[in-house]
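Note sheet for the following structure.
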Amino acid sequence: MYATALSCALRGLAGIPVTVEADIAAGLPGFTIVGLTDRAIQEARERVKAAIRNGGFTFPARKLTVNLAPAEVPKEGTGYDLAIALAVLRSAGHEIALDGTALLGELSLDASLRPVNGVLPMARALRAQGVRRLVVPVENAGEAALVEDLDVVAAPSLAACVHHLDGSQPLPPAQATGRSPDATDGGLDLSAIRGQMHAKRALEIAAAGGHNMLMLGPPGSGKTMLARALASLMPDLQPEESLEVAAVWSLRGVLRERSAHSVRPPFRAPHHSISRSGLIGGGLGLALPGEISLATRGVLFLDELCEFPRALLEALRQPLEERTVTVGRSRGSVTYPAAFTLVAAANPCPCGYRGDSQRACTCAARELHSYRSRLSGPVRDRIDLSVAVPRQSYDVLFAGGMPEETSSAVRQRVAAARRAQARRNHDLVRRERGRRRRAATGLDAANGTGPAPVLNADLEGVTLLAACDPTAAASRVLSVAGERLHLSARAFHRVLRVARTIADLAGQERVDEAALGEALRLRGEAGR
C-alpha cells in the first residue's frame, strides 16, 4: 500500500513543504529511506521502528520504501521522524486523517516526541502554502502557535498523535500566549551610567536611526555599560519583526535563551575568540545562522574590537551594507537577515591608556600601528558614529546631584523619531519605486513591491537626498567638510543619514547646518 504525510524542510528561513511517501510492497523485510537525506534521517529507520513497536503498533514485516519529495531538496535533521512514522502506519492500513495536516518532531525509542529546531520558520512556511493544521512536540507548541490562522496541536507521543488523527482521543489546540516585553532582554538602564553625556547622545542617535557606532576609551571608562544600555533605548519590535527574530533563534536552536513571545530587540555580545561560522553563519550541511543574524533587529556588540582577527571583521563588510548575509556550502547557499546595529568598543592602543589623563601610554609606535591596522579603512567607513569615552572623575561617578536620564525617557524620543522616519521613508521609497517602474515599462502602474525601509540607516541614493532635503547652508558645510576630510561617496551618504536622524530627533523637516555639523563631529570625533 501507498500513503503520504506532509512535513517541511528549511533552506535558510525559507520553508519547503516535503511530502513523505511510504510504500509497502511484497519482498523480503527491509526499510529504505531515499530523497537526498543526511545521516540523521537515515538513522530515523531505527528510531521509527522502535517507536512504532513501543507505541503499541505493529511495524510491517515487508519491504518498506520511504521517499522524501522533492528529492532534489537537501534534507537534514530529525524533524521528519513523526511524518515518516505516520506515513508508515497509514500505508500499513491504519485509518489516520492526514489531509491538510503537517507533522514535525523527533521520535524517541519509547515513542515519545522530542522537540526540534526551526519549528517557527517551518510553521510560517507551511501556513503560507495553505496548511491549516500542524502537529508538533509539546515543547515546540508555543512557538508554532505564534503563526496566525494555523491550528497547532501539541502531541506528547506517537500514540497520542495517532489517536488524535483517527478521532478517538482528540487533543486540545495549543494556545499562543500574548506578546510581552521580556525582562531579560531589556538591557541596562541608562540612568545607571554616570556622566558620559556625549556618548549617551550618540547612543540616542544610534537607537533612533539604526546607525553603527564605535566607542574608544581607556579600560574602565564605561564603554561596555554604554553598549548594553543601547538595547534599552530601542522601541519594542513590531509583530512581524518579532516573528522574524524568533524564527532565526528557533532555527539556531537557542530559543530557550529568549522567549518566543518577546518584543524586545535582541542583544548579542560574542567574544573575540569566536569562529567565522559562529559570527557570520556556517556549520555542516546547510549553514546555520551566526551571531549577526541572531542580532537582527537588535544590537551586535563587539567588545575589544581590535582583538578580533582582521579577516573576521572584513567578513562584516557585506552584512553591514546589505543588511543580509549569504553563506555558501557544498549542499547549497542560504541567506539570513542581518539587520543589526553594530556597537563596537576598543581601547585606543594595546595598553589602553593612550591619551589618558591619569596614566601614560607605554606602547611603541610599531605596536600601535599593528593594533590599529586590524580595523581596515573600508570597515571604518561603514561606522557612522565614532565617540571618545574618557575616564570619569570621582566627583562625577560618586558625588550627588541631578539624577541621570532614564532609558524610558530617551526611548520615548527615539520612538517618536522612528515614527517620523517610518511615515516619510515609506512614502519616498514607494514613489521612487513607482518612478523606476514607469520609466522601465512606460506604464503608470503599481509603485513596486517589497517592504520600504523604515530606518534612516537603510536609505539610499535619490531617496536619501529627498529625505534629507538639506538647506543651502547645510549643503555648503557638507561640501567643505568633504574636501577637508576626504570623505568617500559612502561616507557622504552616512553623514547625511546621521544628520537626518538628528533632525528627526529635533522634529525638523529639513536637515540644517546644526544637524549636519553634529553628524560630522560624531563621525570624526574619536580620531578617525
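Here are a few things to note about the model shown:
- Looking at GLU244, GLU240, just one residue is without any contact (Cβ under 8 Å) to a residue 40 or more places away in the chain, under 15 Å from the mean Cα position of the chain (by Cα) and assigned to a helix (DSSP H, G or I), and that residue is GLU240.
- Per-region count, region 78-90, residues closer than 15 Å to ARG45 by Cβ, touching a residue at least 40 places away in the same chain (Cβ under 8 Å) and assigned to a loop (DSSP other than H, G, I, E, B): 1
- Test: ALA472 is within 18 Å of HIS211 (Cβ to Cβ) and either in contact with a His (Cβ under 6 Å, 6 or more places away or on another chain) or of a type in the set (Gly, Ala, Ser) (or both): no
- Among the residues making up region 15-28, a single one is over 15 Å from LEU104 (Cα atoms) and touching a Pro at 6+ places or on another chain (Cβ under 8 Å): ILE24.
- Qualifying residue in region 119-128 (condition: surrounded by fewer than 24 Cβ atoms within 10 Å (Cβ to Cβ), touching a residue at least 12 places away in the same chain (Cβ under 8 Å), on the phi > 0 side of the Ramachandran plot and not in a strand (DSSP E or B)): no
- Meets criteria (farther than 24 Å from ILE33 by Cβ and either crowded, with 21+ Cβ neighbours inside 10 Å or of a type in the set (Val, Ile, Thr) (or both)) for ALA111: no
- Only listed residue being of a type in the set (Gly, Ala, Ser), assigned to a loop (DSSP other than H, G, I, E, B) and under 25 Å from HIS198 (Cα atoms), chosen from GLY507, GLY482: GLY507
- Matching residues in region 355-405 - criterion: being in a helix (DSSP H, G or I), touching a residue at least 60 places away in the same chain (Cβ under 8 Å) and either under 30 Å from GLU322 (Cβ atoms) or assigned by TED's automatic domain parsing to the domain that holds ALA457 (or both): TYR371, ARG372, PRO378, VAL379, ARG380, ASP381
- Considering residues of region 25-60 that are among the small types (Gly, Ala, Ser) and buried (at least 18 other Cβ atoms within 10 Å of the Cβ) only, the residue farthest from VAL73 (Cα to Cα): GLY55
- Scope region 107-118; condition hydroxyl-bearing (Ser, Thr, Tyr) and not in a loop (DSSP other than H, G, I, E, B); matching residues: SER112
- Residues in region 190-217 that are in a loop (DSSP other than H, G, I, E, B) and either of a type in the set (Val, Ile, Thr) or modelled with pLDDT of 90 or more (or both): ILE193, GLY210, HIS211, ASN212, GLY217.
- Qualifying position, being buried (at least 19 other Cβ atoms within 10 Å of the Cβ) and closer than 16 Å to ALA422 by Cα, among LEU520, LEU455: LEU455
- Residue check, GLY93 at positive phi, in contact with a helix residue (DSSP H, G or I) (Cβ under 7 Å, 6 or more places away or on another chain), assigned to a loop (DSSP other than H, G, I, E, B) and not assigned by TED's automatic domain parsing to the domain that holds ARG252: no
- Options ASP469, ASP512; residue that is in contact with a Ser or Thr (Cβ under 8 Å, 6 or more places away or on another chain), surrounded by fewer than 21 Cβ atoms within 10 Å (Cβ to Cβ) and within 27 Å of LEU233 (Cβ to Cβ): ASP512
- Of residues in region 259-271 being buried (at least 19 other Cβ atoms within 10 Å of the Cβ) and out of contact with any strand residue (DSSP E or B) (no Cβ under 9 Å at 6 or more places or on another chain), the one nearest to GLY298 (Cα to Cα): ARG264
- Of the candidates ALA50, ALA44, ALA5, ALA14, the single residue that is among the small types (Gly, Ala, Ser) and either in contact with a strand residue (DSSP E or B) (Cβ under 6 Å, 6 or more places away or on another chain) or without any contact (Cβ under 8 Å) to a residue 24 or more places away in the chain (or both) is ALA5.
- Members of region 273-314 that are in a loop (DSSP other than H, G, I, E, B), over 18 Å from ALA227 (Cα atoms) and either outside the structural domain of MET234 (by TED's automatic domain parsing) or among the hydrophobic types (A, V, I, L, M, F, W, C) (or both): ILE274, LEU284, LEU286, ALA287
The values are calculated or read from the model by the stated rules, or taken from the named source; none is laboratory data. These numbers were taken from a predicted model, which means no experiment stands behind them. In this analysis, Cβ positions are derived from the backbone assuming ideal geometry, glycine residues included, and neighbour counts consider all displayed protein chains.
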